[in-house]
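First up is the structure itself, then whatever we jot down about it.
What follows draws every value from the coordinates through simple rules; no lab data is involved. Nothing here was measured: the structure is a model prediction, and the numbers come from that model. No Cβ is skipped: glycine too gets one built from the backbone with ideal geometry, and neighbour counts run over all protein chains shown.
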Amino acid sequence: MSTLQTITSTSIIFLLTGVPGLEGFHTWISISFCFLYVTALSGNNLILFAIVTQPSLHEPMYYFLPMLSTTDLGLSISTLVTMLGIFWFNVREISFNACLSQMFFIQLFTVMESSVLLAMAFDHFVAITNPLRYTSVLTDLKIAQIGVAIITRLTITLIPMVLLLNRLSYHMLHHSYCFHPDVMKLSCTDTRINSVVGMTALITTAGVDSIFIVLSYILIIKTVLSIASPEERKKAFSTCISHIGAVAVFYIPLISLSFVHRFGKQAPPYLHTLIASAYLPISPVMNPIIYSVKTKQIRQIVLKVLHSSTAKN
């Protein structure tokens, strides 16, 4: 949680206070969050290591996976210092500029993950509906262009949303980390422009991405059902399971947090804080597990690294 009472952005200081009502359990809460962050950082680094060192994974179908792991690492690092600093070292102060930077990177990596999941849905769509043209459609140049397009779209949509916060003055802010809706909602000045820009950014990024992901899978399912052989259907569906899992662990916590903020006003304050704090690490923790379980080459590399580490110890 953070509390703020000031007028101008240059003198704003956020005071971090942890989870209200559960101060006696901060040690146990810190252990849980530490475990999540260690799992997320080590898991995604192992995925990147596997992709780099395994020649069989140097194929178009695996090019988006390093993007996803890099995004998950960025999302974890964006909140790691402030969240664990509260519980371990009682580091309570954060300046407005630092808060603004954290807010930008949280938004950046959250929407970037949505964009990468959309790109992966397109990848599966091409691989299943038109496998003969897969390598000619998803060339190295095309994948690089998709990556540049993702970064460009995020920058154009997110920078105005964050910079507009400088024009506001604030009364009191309550949240476990710096997040745009909470900063904007508790401003004591007119936030209509910020609301419009923020909603536009959300709709044109995660909103549009989710719609196209659903449409991609509708077309994928239609194509797979037209396949005569049950074995081929099973094989086609199995290639999508990892991506479906990644989409689920990203969007379900995000939607749940939105519902809690909108409809859970009578819920205890600590419930909002715990859900808001937990939803960010879920995707970075689960994605490496999902892809390690479902991808044989990655699983072999991960097991080899873990076995080597155990042998050395």
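Model label points for Ala267 and Val196, set 7 angstrom from Cα along the Cα-to-Cβ axis, are 3.2 nm apart. Using the Cβ-Cβ distance between Gln297 and Val137 with R0 set to 25 Å, the FRET efficiency works out to roughly 0.65. Take the alpha-carbon centre of the stretch 78-128, take the same for the stretch 34-72, and report the distance between them in whole Å. The stretch 78-128 and the stretch 34-72 have Cα centres spaced 17 Å from each other. Once you list every other residue whose beta carbon is under 11 Å from the beta carbon of Pro284, what net charge do they have if Lys and Arg are +1 and Asp and Glu are -1? Result for the neighbourhood of Pro284: -2.
Assuming R0 = 30 Å, can you tell me the calculated FRET efficiency for the pair Asn45 and Thr155, based on Cβ-Cβ distance, to the nearest 0.05? Using R0 = 30 Å, I get an efficiency of 0.70. Among the trypsin sites (Lys or Arg not before Pro) within the stretch 207-310, those in coil by DSSP and having at most 12 neighbouring Cβ atoms inside 10 Å are Lys265.
Between Phe212 and Ser256, the modelled labels are 2.8 nm apart [label points 7 Å from Cα along Cα→Cβ]. Close amide H contacts of Ile13 (hydrogens built in the peptide plane, cut-off under 5 Å, sequence separation of 5 or more or a different chain): Gln5.
Counting charges near Leu117 (Lys, Arg +1; Asp, Glu -1) among other residues having Cβ under 11 Å from its Cβ returns a value of -3. For the stretch 20-120, the spherically averaged projection of the C-alpha convex hull amounts to 7.8 nm².
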